[in-house]
Amino acid sequence: MPDINIIREHFPNNIIEAGKLDASFNIIEVLSFLKNCPELSFDMLLSIIAIDYIHYNELIYCLLSTHLNESIKVSVKMKNEAKSVTAIYKSAYFDECEIYDLFGIKFTGNPNLKRLLLPQSWAGHPLKKDYILNDERLKWNE
Amino acid sequence: MGIIVTTIDYVLNWGRSNSIWPLTFATSCCGIEMICSTTSSFDIARFGSEVFRASPRQADLLICAGTITHKMAPVLLRLYQQMPEPKYVIAMGACTCGGGMFSTPEDSYAVVRGIDKILPVDIFIPMCPPKPEALFDGIIKLQKNIRKESILTRKQFLGNHKVKLKEKDGILQEL
């Protein structure tokens, strides 16, 4: 993890634990700072990881600084609605569509949120812990 | 009259069975074995099936090589319906025969448990994935079937294995 002190100075209220920077309440500010700060310049979003903890969901943004060759993880904990970061990283669009498809997390601010992998008329979000496939239309497949 | 009809059947079947042009339809790892079977060390041309067509309108045989998901199933059905008669289907690999390692209800939500639920299948080739020799065994069995068949028996076979599904909202549903 790179120069933690710069991040600590700017965001004293955010907790850094287990190698992750928790940004549940100010994700947009944190990501735009990490991208635009000249000493850090995390200019690449590698991936967004979603985890279903039954009572809440967690998103982990993996960022890479191509100048410093350093990476950082930023985490967000929320229920079912998250803020879209497509305005900061354009490549987040497909990640957000995939997470919406498989976890059902709605991203407010995403320009065109739709299913990426499954058919558009699919019922439910398969990677959720409480998902059961009981679609009447697919009875022929049993 | 009987003699003439059998003779026409014989000539037609001889021609058909030795020039089964497959459709290029590979959805996963079985496709690699299918590609291998066209190379000179295996040489699918010995059976007259080396001309892989990119268009279903020119193909006689659908070698379904690979897992079929619910999103891919409408494409498979449409390609099958676009092929002109006489057309034959080989289900290649465990996934197309019965779902393979995705077949238990807890394992996969997205995989079709065997393409025989969608299409009439002539030859099943299990194994994961089948070697080119196994594919040739399937093609030889199909050739033997074609040489035995008559116009009426084929109609009977297709009548018994009607397509009962239809695409709606991006997934296949019962009619």
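Points to keep in mind about this one:
- Taking every DSSP bridge with both residues inside region A:4-141, close to 75 percent are antiparallel.
- Aspartates and glutamates whose Cα lies under 19 Å from that of A:LYS128, excluding same-chain neighbours fewer than 8 positions away: A:ASP52, A:GLU58, A:GLU81, A:ASP95, A:GLU96, A:GLU98, A:ASP101, B:GLU106, B:ASP107
- Cα shape, chain B, gyration tensor, a/c 1.5 rule: oblate
- In this label model, A:GLU58 and A:GLU17 are separated by 1.0 nm, measuring between points 7 Å along each Cα→Cβ vector.
- Dipole-positive endmost among A:THR86, A:LEU40, B:ILE35 within the protein assembly as shown (Cβ charges, Cα centre): B:ILE35
- Assigned charges on the beta-carbon of Lys, Arg, Asp, Glu; region A:1-49 dipole about Cα centre (debye): 100
- For chain A, the mean residue ellipticity at 222 nm estimated from helices alone is -6000 deg cm²/dmol, where every DSSP H run of n ≥ 4 contributes -39500 (n - 2.57) and the total is divided by all residues, rounded to the nearest 500.
- Share antiparallel - DSSP beta bridges, region B:9-153, percent rounded to 5: 10
- Counting only DSSP beta bridges with both residues in the protein assembly as shown, the antiparallel share comes to about 55 percent.
- Taken about its Cα centre, chain A carries a charge dipole of roughly 340 debye when the Cβ of each Lys and Arg holds +1 and the Cβ of each Asp and Glu holds -1.
- Rough spin-label spacing in nm, given labels placed 7 Å along Cα→Cβ, for A:ASN134 and B:THR39: 5.0
- Cα→Cβ-extended label distance, 7 Å offset, between A:THR66 and B:PHE157, nm: 5.7
- Largest-first ordering by accessible area, 1.4 Å probe, given options A:HIS125, A:HIS10, B:HIS161: A:HIS10, B:HIS161, A:HIS125
- Rounded Å value of the spacing that divides the Cα centres of region A:13-72 and region A:100-142: 26
- When only the Cβ of Lys, Arg, Asp and Glu is charged (+1, +1, -1, -1), the dipole of region B:72-164 relative to its Cα centre reaches about 440 debye.
- With a Förster radius of 30 Å applied to the C-beta separation of B:CYS128 and B:ARG46, the computed FRET efficiency comes to 0.75.
- Nearby aspartates and glutamates by direct alpha-carbon distance to B:LYS148 (threshold 19 angstrom, same-chain neighbours under 8 apart not counted): B:ASP9, B:ASP60, B:GLU85, B:ASP122, B:ASP137
- Relative contact order, whole percent, for region B:1-117 stands at 24, derived from Cα pairs under 8 Å and 6 or more residues apart.
- Region A:4-141, relative contact order in percent, only Cα pairs under 8 angstrom and at least six apart counted: 17
- In the structure shown, the pairs A:LYS35/A:LYS79; A:LYS20/A:LYS106; B:LYS144/B:LYS164; A:LYS90/B:LYS117 are assessed against 30 Å; a Cα-Cα span above that value is assigned to A:LYS90/B:LYS117.
- The shape of region B:135-175 comes out oblate: with a ≥ b ≥ c from the C-alpha gyration tensor, a/c is at least 1.5 while a/b does not beat b/c.
- Neighbours of B:PHE157 by Cβ distance under 14 Å: Lys/Arg scored +1, Asp/Glu scored -1, total +1.
- For A:TYR53, the accessible area of its heavy atoms, probed at 1.4 Å with every protein chain present, is near 100 square angstrom.
- Cα gyration tensor category, rounded, prolate or oblate, for region B:80-175 with a/c compared to 1.5: oblate
The values are calculated or read from the model by the stated rules, or taken from the named source; none is laboratory data. Everything quoted here is computed from the prediction, not taken from an experiment. Positions of Cβ are generated from backbone atoms using ideal geometry, with glycine treated the same way; all protein chains shown enter the neighbour counts. Protein only, heavy atoms only, side chains kept; ligands, DNA and RNA dropped before computing areas. Shrake-Rupley method; radii C 1.70, N 1.55, O 1.52, S 1.80 Å.
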